[in-house]
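What follows is a single structure, written as structure tokens, with notes after it.
The values are calculated or read from the model by the stated rules, or taken from the named source; none is laboratory data. Note that the structure is a prediction, hence the values are computed from the model and not measured. Virtual Cβ from ideal backbone geometry, glycine too; neighbours counted across all protein chains shown. Just the protein is used for accessible areas: all its heavy atoms, side chains included, with ligands, DNA and RNA removed. Shrake-Rupley method; radii C 1.70, N 1.55, O 1.52, S 1.80 Å.
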Amino acid sequence: MKSLPVLALLLWICSLFYMGILLFVGGFLLVRLEVNRTSTCADVLPPGADVKGDFCLKEPRFRRAVVLIIDALKADFTRYDPGNTSPRAFENKLPILDEMASSRPSQARLYTFRADPPTTTMQRIKGFTTGSLPTFIDVGNNFASSAVLEDNLVHQLGQAGKRVVFMGDDTWVSLFPRKFHRSLPFPSFNVKDLHTVDNGILQNIFPTMEGDDWDVLIAHFLGVDHCGHRFGPDHPAMAEKLTQMDEVIRSVIKRLQNDTLLVVMGDHGMTDTGDHGGESQKETDAALFLYSGSPLFPTPGSQMEPEVVPQTDLVPTLALLLGVPIPYSSVGQVLLPLFPLNSSLGASMSLSQAEALWINVKQVNRFLETYSNMAKDIPADGLSQLQSHFTQLSSQYLSSVSEGAPPSAELTASMQAYLNSVRETCRASWARFNPLKMAAGLLVLGLACVACFVLTELSLMVLQGSVLKAPLLSGLLAGAAVAACQLFTLGFVEVSWCFGAGALMSEVAFLWRIRRAFTRGSSSARLSVWLLLNPPLLVLFLRCASLLSDSYVISEGRVVTFLLFTLGLYIPLRLNWDGLLVPSPPSDTQKPPGLLPPALPLSTVRRESTALLVSVAILVGCLYLSLSFHSCREEQGSCQPSAFLTPLSRVQDSRVRNLHYILSVASLFAWAFLLHRWLRHYGNLNCTSVAVFTARCLLPLASICMGLHWAVSATPGDSFRNLAELISLAQVVLPRITFGLLGLGLLLLWLDPLTVFLKMRAPLNSRGTSVPPPKYRASTGVSPQAELHHLIPQLYQRIRQSLEDGGSEGDEADGRPAVEAYGLGTVYSAPLVLLCGLLGLGLLLLHAEGMAIAFLLMLLQAAAVLHLHSSSSTLSSLQSHSSVFSVPWAPVVLWSLAASQFFHATGHLPTFPSIQWGAAFVGFPQGHSGTVLPASLVTLNTFASHIMFAVGCPLLLFWPLVHEARGTRTGRSGEDGDDVVMEMRLRENPQQFSSALLQLAARYLFITGAQVLASVCAAAILRRHLMVWKVFAPKLMFEASGFIVSSVFLLVGVTLVMRVDVAVARLFQKLLPENSR
């Protein structure tokens, strides 16, 4: 078997897709250019204004401020309805806010505080400290926070000499390193921990307030957010948390002095399931509460009150109230009700509304001019209109100041309109794309799909001729040339362009070499566009075309299920159309037997037809049941997520919790039993290898530990208080033991993947004339019935051929062979099945307990697809008797669709709020010191189905051989042509084995790559669509990430097959050292 060429070609194809994705994403998901300039006191008012002294030296409206950030404080949580006699867990739990706003209207206000998406904590902190708008790609940095380089409120307060004290979410410390007078950070990533951060704040906030070593106090509570992630908003734990926050606010208000401003705010909201990150109104609408011991607001009804306050507006408002310059990059607008209608800057109290607006307008215009000169991405016509508008405002305002008259209401409204226009212009401009990079990425991905399809159809020719050297060399030269040009012309190297140029040149060189091979007639293979027009590929293209529809993406789980159902029914219908499903006697019985077309026995046809129909029935049943495990998108309205997605610890009804636990444990052990039963049936558990030890011991032990872990995790927090420490220890130890057992099993499987048992009746002899060579038989069962049913007459036909004195005289007196090999017929598939079993248990551990049923359905559905493919191949052999081991397109498309289907059937969605962050804490309830391990666990959880089907993809090649019937494959001429040698037939044809494995892997990559290309096209074409950031961009990110994960684990599966092939070769060398090939 040509292992290195196969791996090299697959790695090359994967790298082409990776580079195309990198190039397109670099042009589609742009990061906004950060302006690293800082506002100063001299920038607050223009020269020439009649101002006495410096603004920063004036007494500010408030000397101190307390900012309480209650993470995920949804606007609905703060509404109070006294008529609600049976409130839900999150209702009427914060009465203090309504009490203050209604009883003291001049001192308190409660607003809806609207965030800009993405609604993740790091982006929100950046937003309400810099006043800028986040970009889409920043969501990837949410748990790898880098320092904020732009001018921000924390920096301005420090520059003004104010002592900023922080306590709470440690994200702030990574965003603003060395910016605080004093900080008390607490770990924030562990969403299962509801109390550590909040209790740490409560121990320090009141002593700090009572002291005099602070000017601005920032406290970021996380309990409400973590409670939402763990239990959802409608849970008793949420009621306790909100009640605790009500008491905190009351206590803070009692300690406030008249010169201190209190700000209580949420950074984002949450969905009905407690998640956030998207742009639905439930996620963007938080609460903002402002309070002061002295009068702060005008009389209700005297001014227009905003219904919704954008989060960016808090930055300029707090800056001017605390007497510091507005941060340079802010595009927010001051909240006018906090400023008096008429005042004078020289007064000791505050700015007037017009003065605050003018400072705001001047700052925004200064930023706009600087940014437009640096970035050049704001449209020229829009920029010209804004500049003209500012010139007009400047003239009118300075004219009114010089005349000593207060600015008119029209001028105030015009300044507000200008600020709104700038914000909207910036929001639109920062969604601008790099068309050249996007086009280049599309071209690289498109040619990668073409090259991959060519590889699927010409795999044998590509392996026989070394066609990869020229593409690799030309790609390296092209990449180096682009890097050199960039270095000499620009002074720096942009890596994405170098990779893109190298990939593009490599693809062109490969296709050119293939074309030359055809024009020279050096290959008898056929390649035509019409090959794309077979029904399975038409199903794939229909799915790809449907990705241009947002409604399809929203309902993708059900649509993929329908496509699987349709393609599953197509296979028996096609066989029936060809007359292969129902056995029929030969039409001409008068012909001599040699002239009759080869045919299977009628009993074999009946058996295979029955097996095929049973497989279709199981497939349909699994598809139907899997719909019960889907989650819901926010756009799906009345959809209710599956109850099995809820962790057992969040299920309040004890009977339902016990039922779910029983079903989950039963499914877990059914998974382990079915794997053990299959391995035992084919004789793969008879030897004493470490792989068999893994299957016999490690797999059951890991299952038991998982069941115990689920039992411990399902224990309610208020139960068994005396055993709390033991339960906490078990939540750490049990999953880690499980991970350790599974990891050990994977390592042992790689070290020794063979599960073959050799039973010898006599010592092996070397070649010679006195002792005849032995005959070999490889049996795949342990019982006599299994031995007879899965009999392999020769251990390996090439070995027998290599012996000079072959013949029947080698049998011993009782007719039994000298060597019996158990498990040799499934020597390749058994390690793959065991690998899938181990990986499946590890991935299941990262999911909610109820997903054990979904994983069992995944196993049954995969088996149904494999048997459907096996029976179809056997029946199709009535028409085609080719010795080439080629897997048709239909089962590969089915396999790929099943991966997408179970992505949804395990509770996942292509949206950021649906990411199951709790997977990062399985076995690590206290959190992590870094981000690599939790990110890896979340990735494994999210793409579990992609991993399982990718690593098990080579089974499509082996399964028809495992279940082959006598006479269905054409062997060499002679009496041995009808021998059922199962997977040993691959060893007889190493060239075709390599070609078939390469073709299968390339076909799977083509199918998944075509879906990535379709998502890229959808994002490019619909980049101005209303739903681009809500639907198409997340779908692109998940599709690209799924392809990367799938390709990596596909290579893992292929590499294991090659590892087994090497081990089998060594086994034969050991048996016949002088005659093995």
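Would you say Val1060 is under 23 Å from Leu1000 (Cβ atoms), part of a helix (DSSP H, G or I) and open to solvent by less than 10 Å² (accessible area, probe 1.4 Å)?
Spelling it out, Val1060 is indeed under 23 Å from Leu1000 (Cβ atoms), part of a helix (DSSP H, G or I) and open to solvent by less than 10 Å² (accessible area, probe 1.4 Å).
Mind listing whichever residues of the range 536-548 are open to solvent by 10 Å² or more (accessible area, probe 1.4 Å) and not in a helix (DSSP H, G or I)?
Residue satisfying the conditions is Leu548 alone.
When the range 415-440 is examined, which residues are found to be open to solvent by 30 Å² or more (accessible area, probe 1.4 Å), assigned to a helix (DSSP H, G or I) and in contact with a Leu (Cβ under 9 Å, 6 or more places away or on another chain)?
Gln416, Ser421, Thr425, Arg427
Looking only at the range 441-465, which residues are in contact (Cβ under 8 Å) with a residue 60 or more places away in the chain and outside any helix (DSSP H, G or I)?
Just the residues of the range 441-465 that are in contact (Cβ under 8 Å) with a residue 60 or more places away in the chain, to begin with: 441-464.
Leu458, the sole residue that qualifies.
Quick test for you: out of Val732, Val690, pick the one residue that is under 28 Å from the mean Cα position of the chain (by Cα) and not assigned by the TED database to the domain that holds Cys227. Let's see the steps before the verdict.
Details: Val690 fails: under 28 Å from the mean Cα position of the chain (by Cα).
Every option except Val732 fails the conditions.
I'd like the full set of residues that are exposed (fewer than 15 other Cβ atoms within 10 Å of the Cβ) and part of a helix (DSSP H, G or I), limited to the range 919-934.
Scanning the range 919-934 gives Val932, Leu933.
Consider the range 292-313. How many of its residues are open to solvent by 10 Å² or more (accessible area, probe 1.4 Å) and within 19 Å of Ile69 (Cα to Cα)?
Here the count works out to 3.
From the residues in the range 59-75 that are out of contact with any Phe, Trp or Tyr (no Cβ under 9 Å at 6 or more places or on another chain), assigned to a loop (DSSP other than H, G, I, E, B) and open to solvent by less than 20 Å² (accessible area, probe 1.4 Å), which one is farthest from Trp172 (Cα to Cα)?
That would be Phe62.
Restricting to the range 232-290, name every residue that is within 17 Å of Glu210 (Cα to Cα) and either part of a helix (DSSP H, G or I) or open to solvent by less than 40 Å² (accessible area, probe 1.4 Å) (or both).
Within the range 232-290, Val248, Ile249, Arg250, Ser251, Val252, Ile253, Lys254, Arg255, Leu256, Thr260, Leu261, Leu262 qualify.
Among the residues of the range 597-620, which ones are within 16 Å of Val560 (Cα to Cα) and in contact (Cβ under 8 Å) with a residue 60 or more places away in the chain? I'd like the intermediate steps shown before the answer.
Taking the range 597-620 and keeping what is within 16 Å of Val560 (Cα to Cα), we get 619-620.
Of everything in the range 597-620, just one residue is within 16 Å of Val560 (Cα to Cα) and in contact (Cβ under 8 Å) with a residue 60 or more places away in the chain, namely Leu619.
Find the helices (runs of 4 or more DSSP H) located wholly in the range 663-757 whose residues include 3 or more that are at pLDDT below 95 and open to solvent by less than 30 Å² (accessible area, probe 1.4 Å), and list them.
So the answer is 699-713, 724-751.
Of the residues that sit in the range 549-570 and are within 23 Å of the chain's Cα centre (by Cα), of a type outside the set (A, V, I, L, M, F, W, C) and assigned to a helix (DSSP H, G or I), which one is nearest to Ala1020 (Cα to Cα)?
Checked the range 549-570; the qualifying residue nearest to Ala1020 (Cα to Cα) is Asp550.
Taking the condition of being open to solvent by 60 Å² or more (accessible area, probe 1.4 Å) and over 27 Å from Gly1009 (Cα atoms), how many residues in the range 455-498 meet it?
Residues flagged as open to solvent by 60 Å² or more (accessible area, probe 1.4 Å) and over 27 Å from Gly1009 (Cα atoms) within the range 455-498 amount to 7.
Out of the residues in the range 891-912 that are among the hydroxyl-bearing types (Ser, Thr, Tyr) and not in a helix (DSSP H, G or I), which is least open to solvent (accessible area, probe 1.4 Å)?
Pass one, the range 891-912, residues among the hydroxyl-bearing types (Ser, Thr, Tyr): 896, 900, 906, 911.
Adding the requirement that they be not in a helix (DSSP H, G or I) leaves 906, 911.
Values: Thr906: 1, Thr911: 21 Å².
Within the range 891-912, the match that is least open to solvent (accessible area, probe 1.4 Å) is Thr906.
When residues of the range 186-210 are filtered for being assigned to a loop (DSSP other than H, G, I, E, B), open to solvent by less than 30 Å² (accessible area, probe 1.4 Å) and either touching a strand residue (DSSP E or B) at 6+ places or on another chain (Cβ under 8 Å) or closer than 16 Å to Val66 by Cβ (or both), how many remain?
The first filter runs over the range 186-210 and keeps only residues assigned to a loop (DSSP other than H, G, I, E, B), leaving 187-195, 203-204.
If we keep only those that are open to solvent by less than 30 Å² (accessible area, probe 1.4 Å) too, we end up with 188, 190-191, 194.
Filter once more, keeping what is either touching a strand residue (DSSP E or B) at 6+ places or on another chain (Cβ under 8 Å) or closer than 16 Å to Val66 by Cβ (or both): 188.
The qualifying residues number 1.
Within the range 632-643, how many residues are assigned to a loop (DSSP other than H, G, I, E, B) and buried (at least 22 other Cβ atoms within 10 Å of the Cβ)?
Residues meeting the conditions: 1.
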